[in-house]
Every structure is written in structure tokens, then in C-alpha cells.
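The values are calculated or read from the model by the stated rules, or taken from the named source; none is laboratory data. Everything numeric here is computed off the predicted structure, so don't read it as measured data. In this analysis, Cβ positions are derived from the backbone assuming ideal geometry, glycine residues included, and neighbour counts consider all displayed protein chains.
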Amino acid sequence: MALLQISEPGQSPDPHQRRIAVGIDLGTTHSLVAAVRHGLPECLPDDGGRVILPSVVRVMGEGRRQYGAEALAAAAEDPSNTIASVKRLMGRRLADLPNAASLPYTLEDGPGMVTVLTREGPKSPVEISAEILAVLRQRAEDTFDDLLYGAVITVPAYFDDAQRQATKDAAELAGLKVLRLINEPTAAAIAYGLDHGSEGLYAVYDLGGGTFDVSVLRLSKGVFEVVATGGDAALGGDDFDRLLADWALGQTGRATRSAADRQRLHAAARRAKERLSDLTQTELRCELDDGPLSVTVTRDNFEQLTKPLLDRTVSVVRRVMRDAQLQPDEVQGVVMVGGATRMPAVRQRVGQWFGQPVLTNLNPDEVVALGAAVQANALAGNAQDGELLLLDVIPLSLGLETMGGLVERIVERNATLPVAKAQDFTTFKDGQTALALHVVQGERELVSECRSLARFELRGIPPMAAGAARIRVTFQIDADGLLSVQAREQSSGVEAAVSVKPSYGLNDEQVATMLRDGFASAQSDMDARKLREARLEGDRMLAATETALRADADLLQPREREGIDGLMHALREHITGADADAIDAAVKALARGTEAFAGARMNRSIQQALTGRSVEQL
Amino acid sequence: MNLASDDFSLFGLPERYRLDRAELDARWKRLAAQVHPDRHIGQGAATQAQSMQWALRVNEAYRRLRDPLRRAAYLCDRRGAPIEAESNTHMCTAFLMEQMQWREALDDADSADGIDRLHTEVQTRQKGLFETVARALDDTPDAARAAEAVRSLMFVARFLQDIERRRDALFPL
């Protein structure tokens, strides 16, 4: 059966309603943007016909930049201002980065996460990522000669909350409306499922430049259900390069003397690694400050050297399969994603573990962006309803610190999103009026071994005997995998809430400031964009309401119907005008006015979902 | 049907312990497909918020219904025999003795075979307890008896985790 149906642009209900939505794979070593055109997802090339943008930004002073291949080419001459692999720094502090010293640029702890010290001063990884995203956004807008409606951005499945939040901040900073953050292996599965109309259980082994993920998915009738996921957010092809580079130094008794040296050697190691995917032996050659370096490396040498890395990935595969309660032979196919899966040893080892040849028929560099584009197209409302649904999971357990530095788990890993869970806590001392809450993420039992996400306090608890207060803490994780936490003392109703954002990501004000500073276009452009977006939103809301009325108008009393018609009429009037704020207000009014109707429709659709089933059974 | 409906009504399933897992999964997917926030994009903030509440509720009910232990505890609670795991630690003496023997066996186990044997033994016991729960909830209604078996099963579940931890410690993945 066809897994997904995507209408031709010309066949969508109203051609003017078609929105340009893209999928972006923001990778450690390279990034891509893809969109659905002519019914199929494709990666968008730049002017030179290249789809891959190396994730490298060179800060040249006075706001000037080089990006991608140009920046990469300049890396050796200006290493401390050429920032590569910035994804490894997202949402991270210096203490999280054991290899910081071997990076060619200088890091220091900044607000929330590390910053890179450039000739233009400290730059946050969020800003650098935003610049890469802005290049891709520009590429897409040039391709379509139109504004983007929004984007789906992919993140490693194993990214924690801080890394996800940082990615979302970067996208907003780049002026992108984030339709959804989705997990890279899930995106790959979409592209794969779309291509093959597959059903059943699939494992996705995704070894990228700097991150590693494994997901097991159940595919059925357009539903992509993630059963379990796991990974290592600091393991990727880069690490294979680094091992090979260190080995070459050891073999020749040489040392690197500068950041530029390290950069050149690392690049040479990567090229040698890539050649070893086709050859059984190659020369690793590199020009260092104190003369040329040349060493012969065989595929055997390389595989021996990097076996511990491969072992680490197989351990993760085992754990994910155990979480999924599956045996290797229950898996129908193993999809390989990420450039690093071109290494023959990786394919062979993974195939051996699953007892079947791995699937490599889609380009491992492009498959994530392609899948994201399909989801973006669906979320923009261009695809036909009901054909694609992602049911993803949270990769790492979430909990709170309790007495003695122990973690009380609230949400277990692999829970399907969205998920909310509440747990009651109480006070430790008589008359205690405040409670310090420390939110952590990870699988270990000690707080010190988990990632600290946020600290906040619940104050104003009425004095009571120890153990008498009932403090309900609710964790809610949305479909992007982002967490918010709320605490409420049940008897007094005292509340405190935190979206984990302020402690690790940027707050809204910071984003707004950076937007003004970094990406300020002329005020008139901004105004035109705002009006255009308000109209799009208004059109969309009208279309959604019309669809709802066509299907379920019988749920409304005549007076309710009149009210909704009036609000729609008002919105239509404003859309033809040029006042963006008035359009926004009319959209909001219509949303409020249809709230009860939406609730009644939701009820009906649930009833139908169930009764439809029983009818089929008879 | 509303957000406060019980799990069984929400899924349109009879309120009993024994259930058809494939049927439950199919119903979950149908419901999830209706209420997921992705299905209501562009319909305004209010609709988004409602769909989020429904999606959370549907997933919560699914997690509870698909887990035999949590499903049993939920039924006991609804039939007036709450589990109250923290305050009610009553278990029959025979089961307490058995627990102590298992603990000792786990402490002594140092081979994969030994751990496998203990694992099989505990799983057999677990299966028997689940059968007791099924009978006491579905056949000859006795919620108190079911609740006692659930409390034993909660211990068994924790002990099975301890076995896995011991296995990981002896034979790291």
C-alpha cells in the first residue's frame, strides 16, 4: 500500500493556500535543507549546485562571514575564528566537553552554555547555529522566490532538553517559524517508509559527524511509532577522525604545534578515513608547521584503532533493543543513516548483530532532511489529512532531586509524546514554607551523574507540620520533546512554574535582542513580512474553520453559528486591509469564538474513532 | 466522553483485567491520530491546547492499560481496594520467605547461568500471580485478594530490575 499521499501543488484544495515549508538537517559536520516539490521531497541546492552546506562559519570581523565550503577552505589559515562542529557545543558547559582543549578555537563558559571567543568577541553556539540556519533559509526562499511558512528542524534523538531548547532558539533567531523539532532517526524512517511503503518494525542506526542515535520504530498505515530510542550525543564520525589523527602522530613521533596544525591534520585524517571505505590501504599526508607528515594506514589498522568506538555503538543498540523488548530477528530492516555509516566495518558489524544485511539504498547524508521535509509539508497543511503521524518518545528519563542527592524519576524514558506526569512530594521540616526543586535528566540514580536542567523554588507554602503539605509536581513534555514543570501546594493552591528555558536556553528577551542586532533587516521589510504572515495565518484559520463547519455544523445552535459566521466575516474584512495587528486580533477572536465548537468536534472525532472500529469488527 | 472519563470508557473497552493487546494498540493509534497536536495545527491556540490535553490523556490511559500491573492496580482502586503501596505492606509469610530466599540467591549468583535460573524462577512466580489477579478481577470478583497479589507483583517487578542491574554489573553491555 502507499504509505503517504501528497497532493500535487496544483491539486491542493486552494493553490494559494499552499505554504512553503522546509525540513532542515542541522548536522555536526554538514547541514541540508529540503522541501516537497512536485509531490516528492528533494534537497535544495545552492547557486553552485551543492546540496550539502558544511556546518562551518568563519567570523571575519565587522560582521563579515564565510559559510560552508568557503569557510572550511579557510579553516587552516584562520582556525581560531573558523567554527566547525558547533552542534557539539549546543546547550553544553565547559565541564561537559572533555575535548575542549583540542578544539582549534577557544571556549569559555557564557550565560547558559559555552561561548566561542572570536575576533568579534564571544559568540554563543546558538548564534553560530542560527547563522547556518539563516543561510539555508535564504537558500530556500531564493529557490521558491517566496517567504517560508515554517520549518521542521531535526535533532539527534538523544539530545536532552537543553540541547533541544538551544536548537529551537537558534531557529527562531534565524527568523524561522519552528513547526516541529523531530528526531533524526525518525525523520530518516519517514523518508525510508515513504520510499518503500514499509510496514513492521525497523531499526535506524544513525551515526553522524558528532552524534549517534538508534531508534526502533513500528510502521503501520502512515503511523511512525517510536518504540524505543537511545544514543550518545557525543559520538560520531569526528571521533574516528580524531583517533586516526592521534595514531598518525604516534606512528611518526610528531606533534601538532598550533590550532592550524590540528585543523589540517584532522582534515587529512578525515580524507584518509573516507578513502579507506573503498581502498584497503592509503597514505595519510599532511603539511604541518614543522614539515610534511606522511604515514601509510591500512583498513585493518584503522578498524583495530576505532573498534572501541564501534563497540560503544553496539552497546547502545543492545540497550535500545532491550528497552523495546525485541530480539534482533524481529526487526524487518536496519536503516543506515549518516555519512559515517559508509565505513564498511560499521555496516558489517551492525548487519552481523541484526543477522541481516543493512539497508543503504538511500543517500545517508540526505535522508534526514528529506524526511523532515515530508513532515514539514504535512504540518503546513499541504499534504492530505490523516496520512502521516509521528508518535515519538522522550529519550532520557526526567526526575527531581530528593533527599540525599538521589533522583526520583517522574517520566521514564521512551514514554510517547506528548506526556504529562504528576507526583506528590512533601515538606521535610515543621513550618517549612519553601521548597527547592531541582529538575534533572538521565538514567543514573545520583543527581551528580545526571544532567541538571533547572532549579526553581516554590515559596509561600503555609506553615504546616513536616510531611503534611501535599506538593504536586507536574512534568509536561510537548510534541517537540520540550519540558515544562509546574509545582502546586494542594491545600493552599500556591503555585510555581518553570519552562526549562530560562536556566539553559535563551529567554525571549535575549532572542529578541539578538534578532534585532544580528538579523535586522530594514524596518519596511519586517513590516511587510509581518503583514504577509498575519494574512497567511488568517487564511489558514478561515480555511480550518470552513472545513470544520462543512463537517460538523450540526453540532452548533443557530446562535452559535451566527456568532462564528460574524467572526469569520470580520477576519475576511481585515485580511484585505494592511493592518497586521488587526488581522492578528481577528484571528484570536475567531479562535476564542470557536473554542467550544472545537471541543465538541474533538469529542465527536474520538467517538467516531472508536465506533468506526467496532463497525469494522462486525 | 470527556477528559475525566475512565481509561476503559475512553478506549471503548470493557472494564476488565484481561484485554486484547493488539486491539488496545489499534485503538490507541486511532485515538492518537485524532487528538495529536500535529493534526490541529493552524486551528488556533485554543484548539491546540485542547488537543494537547486530549493527547496527554489518551497517552496516559494507554500507558496504564498496556501495563498489566498498573492496569490491575487501577481496577483494584476502582473496585474499592486501593493498593496504597506505601502504607499497606501486608504480605503473606510464605511470600516474605520466598523473597528472602531470592535475595540470597541473587547475592550469591555470579554466573550468567545462575542469574538466568533465578530470573526464570521469579518470572514463573510472576506469571502465577498475574493469573491470580486475572481470576480475582474477572472471574470470581475479589478486589482485596487481587490487591494483595498486586502488592506482591510490585515487589517482583522491583526484584526483576535488581536482577537486571546485577546482570549489568557482572556482564556490562
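Of the residues making up the stretch B:148-173, those that are of a type in the set (Gly, Ala, Ser) and within 13 Å of the chain's Cα centre (by Cα) are B:ALA149, B:SER152, B:ALA157. Evaluation of A:GLN375 against the conditions (1) within 11 Å of another protein chain (Cβ to nearest Cβ); (2) in contact with a Phe, Trp or Tyr (Cβ under 9 Å, 6 or more places away or on another chain); (3) outside any strand (DSSP E or B) shows that the sole unmet condition is (2). Of all the listed residues (B:MET100, B:MET91), the sole one being more than 14 Å from every other protein chain (Cβ to nearest Cβ), touching a Ser or Thr at 6+ places or on another chain (Cβ under 7 Å) and surrounded by fewer than 19 Cβ atoms within 10 Å (Cβ to Cβ) is B:MET91. Selection over the stretch A:302-313 of residues that are of a type outside the set (Ser, Thr, Tyr) and buried (at least 17 other Cβ atoms within 10 Å of the Cβ) gives a count of 4.
Count of the stretch B:10-24 residues, restricted to those that are exposed (fewer than 14 other Cβ atoms within 10 Å of the Cβ) and not in a loop (DSSP other than H, G, I, E, B), is 2. Does B:ARG27 fit the bill of being within 12 Å of chain A (Cβ to nearest Cβ), of a type in the set (Lys, Arg), touching a helix residue (DSSP H, G or I) at 6+ places or on another chain (Cβ under 7 Å) and buried (at least 19 other Cβ atoms within 10 Å of the Cβ)? Answer is yes for this residue. Scanning the stretch A:59-82 for residues that are within 24 Å of the chain's Cα centre (by Cα), part of a strand (DSSP E or B) and free of Cβ contacts under 8 Å to residues at least 60 places away in the same chain yields a count of 0.
Residues checked against (1) in a strand (DSSP E or B); (2) more than 30 Å from A:ARG257 (Cα to Cα); (3) touching a residue at least 24 places away in the same chain (Cβ under 8 Å):
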{"position": "A:GLU287", "(1), (2), (3)": "yes, no, no"}
{"position": "A:GLN304", "(1), (2), (3)": "no, no, no"}
{"position": "A:ARG312", "(1), (2), (3)": "no, yes, yes"}
{"position": "A:ASP323", "(1), (2), (3)": "no, yes, yes"}
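Taking each residue of the stretch B:35-58 that is touching a residue at least 24 places away in the same chain (Cβ under 8 Å) and at the interface with another protein chain (Cβ under 7 Å from one of its Cβ atoms) and looking for partners that are surrounded by fewer than 21 Cβ atoms within 10 Å (Cβ to Cβ) and among the basic types (Lys, Arg) with beta-carbon atoms closer than 9 Å, six or more apart or interchain, yields nothing.
In the condition set (1) closer than 23 Å to A:LEU483 by Cβ; (2) assigned to a helix (DSSP H, G or I), A:ALA191 is compliant with all but (1).
When B:ALA149, B:ALA134, B:ALA94 are screened for being over 30 Å from A:ARG319 (Cβ atoms) and either in contact with a helix residue (DSSP H, G or I) (Cβ under 8 Å, 6 or more places away or on another chain) or not in a helix (DSSP H, G or I) (or both), only B:ALA149 passes.
Among residues belonging to the stretch A:565-604 that are among the acidic types (Asp, Glu) and within 14 Å of A:GLU533 (Cα to Cα), point out the one that is nearest to the other protein chains (Cβ to nearest Cβ). It comes out as A:ASP584.
If you go through the stretch A:404-431 one residue at a time, how many are touching a Phe, Trp or Tyr at 6+ places or on another chain (Cβ under 7 Å) and surrounded by fewer than 13 Cβ atoms within 10 Å (Cβ to Cβ)? Matching residues across the stretch A:404-431 total 0.
Whether a residue is within 14 Å of chain B (Cβ to nearest Cβ) and hydrophobic (A, V, I, L, M, F, W, C) was assessed, and A:PHE456 does not pass this test. Can you pull out every residue in the stretch A:529-564 that is free of Cβ contacts under 8 Å to residues at least 24 places away in the same chain, under 14 Å from A:ALA600 (Cβ atoms) and charged (D, E, K, R)? Listed by number, the residues that qualify are A:ASP554, A:ARG561.
Residues in the stretch A:593-618 that are under 31 Å from the mean Cα position of the chain (by Cα) and modelled with pLDDT of 85 or more: A:GLU595, A:ALA598, A:GLY599, A:MET602. Checked against (1) farther than 30 Å from A:GLU537 by Cβ; (2) assigned to a helix (DSSP H, G or I); (3) over 21 Å from the mean Cα position of the chain (by Cα); (4) modelled with pLDDT under 85, B:ASP110 meets all criteria but (2). Scanning the stretch A:446-483 for residues that are buried (at least 17 other Cβ atoms within 10 Å of the Cβ) and free of Cβ contacts under 8 Å to residues at least 24 places away in the same chain gives a single hit, A:SER452.
The rows are residues; the columns are (1) without any contact (Cβ under 8 Å) to a residue 24 or more places away in the chain; (2) surrounded by fewer than 24 Cβ atoms within 10 Å (Cβ to Cβ).
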| position | (1), (2) |
| --- | --- |
| A:ILE182 | no, no |
| A:GLY208 | no, no |
| A:VAL216 | no, no |
| A:LEU219 | no, yes |
| A:PHE224 | no, no |
| A:ASP246 | yes, yes |
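State whether one or more residues within the stretch B:59-67 are over 30 Å from B:LYS127 (Cα atoms), within 9 Å of chain A (Cβ to nearest Cβ) and assigned to a helix (DSSP H, G or I).
no
Of the residues making up the stretch A:219-230, those that are assigned to a strand (DSSP E or B) and within 9 Å of chain B (Cβ to nearest Cβ) are A:SER220, A:VAL223, A:GLU225. Residue pairs whose Cβ atoms lie under 8 Å apart, sitting 6 or more positions apart in sequence or on different chains, and linking a residue in the stretch A:83-111 that is over 19 Å from A:GLN66 (Cα atoms) and in a helix (DSSP H, G or I) to a partner that is at pLDDT below 90 and of a type in the set (Lys, Arg), are A:SER102/A:ARG262. Inside the stretch A:194-218, residues that are away from every other protein chain (no Cβ under 14 Å), of a type in the set (D, E, K, R) and not in a strand (DSSP E or B) make up a count of 1.
Inside the stretch A:473-498, residues that are among the charged types (D, E, K, R) and under 30 Å from A:ASN183 (Cβ atoms) make up a count of 2.
For the stretch B:1-12, give me each residue that is more than 9 Å from chain A (Cβ to nearest Cβ) and either among the polar types (S, T, N, Q) or in contact with a Leu (Cβ under 8 Å, 6 or more places away or on another chain) (or both). Correct list: B:SER5, B:ASP7, B:PHE8, B:SER9.
Any idea which residue in the stretch A:113-139 is farthest from A:VAL56 (Cα to Cα), counting only those that are small (Gly, Ala, Ser) and crowded, with 24+ Cβ neighbours inside 10 Å? The selected residue is A:SER124. Does A:ARG413 meet the test of being within 14 Å of chain B (Cβ to nearest Cβ), assigned to a loop (DSSP other than H, G, I, E, B) and more than 29 Å from A:ALA372 (Cβ to Cβ)? It is false that A:ARG413 is within 14 Å of chain B (Cβ to nearest Cβ), assigned to a loop (DSSP other than H, G, I, E, B) and more than 29 Å from A:ALA372 (Cβ to Cβ).
Where in the stretch A:495-578 are the helices (runs of 4 or more DSSP H), entirely inside, with at least 2 residues that are modelled with pLDDT under 70 and surrounded by 15 or more Cβ atoms within 10 Å (Cβ to Cβ)?
Details: elements: A:501-504, A:508-519, A:523-552, A:558-576.
Here the list reads A:501-504, A:508-519.
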